[in-house]
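Before any comments, here is the structure.
Read-outs throughout are calculated quantities, based only on the coordinates presented, and are distinct from any laboratory measurement. A quick note: this is a predicted structure, and the numbers were derived from the prediction, not measured. Please note: Cβ atoms are built from the backbone with ideal geometry, for glycine as well, and neighbour counts cover all protein chains shown.
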Amino acid sequence: MPLCGPIRMEFSNTAPIKPLNQRARIEPATIDDLPRLVDLTMALFEIEEDFHPDRRKQERGLRAILEQPNRGRIFVVRTDYEIMGMVNVLFTISTAMGGFVILLEDVIIHPDFRRQGYGSQLVDYVIAFAQRKDFKRITLLTDKISEESQRFFESLDFHHSHMIPMRRTFGD
């Protein structure tokens, strides 16, 4: 894709479904999944120091991603009956990398399904998606105080960066 002229992201609105076992599979979330996605992000933000759960805000943000797939995707681990976990990937452009990159956010597996490999399989799915779509990098933020979270991502070949996040927020 040339780097001059109008930028147009051409990612299909769907991704392949990956069966994990007889009962679980990874696939793109749909708008019908929104209530469960909100529940999962609420649970995640209850344990993260930098964020405060707000059902209205989480629903608005998740809906924006689901309704505008050119901005990102939400992938879920699900059975026929429930969503067990999710990950949110946002698309942006890196001038350093000379192409599209992913910001990986909101990796969460419901506590009832943790330590069964679903989190690793979900992140591996995102890595395969990024490689298939020719993204140049995946960046994520993890809690500085959570050594368990850092070890999890390190086990999936993510490395610490010399960059540190800084924020300026607006509004409530």
Response to the item:
Over the stretch 18-155, the quotient of the Cα radius of gyration and 2.2 N^0.38 Å is 1.02
Worksheet item: Cα-based Rg (one decimal) and Dmax (whole number) for the stretch 94-172, in Å?
Response: 14.2, 41
Discussion item. At 7 Å along Cα-to-Cβ for each site, give me the label-to-label distance between ASP112 and ALA43 in nm.
Written reply: 0.8 nm
Worksheet item: Measuring from label point to label point, each 7 Å out along Cα→Cβ, what is the ALA96 to SER120 span in nm?
Response: 2.9 nm
Discussion item. To check you understand DSSP bridge types, tell me what percent of the beta bridges within the stretch 18-155 (both residues inside) are antiparallel, rounded to 5.
Written reply: 90 percent
Worksheet, complete the sentence: Placing each pseudo-label 7 Å from Cα in the direction of the beta carbon, ARG23 and ALA128 end up separated by a distance in nanometres of 2.2 nm
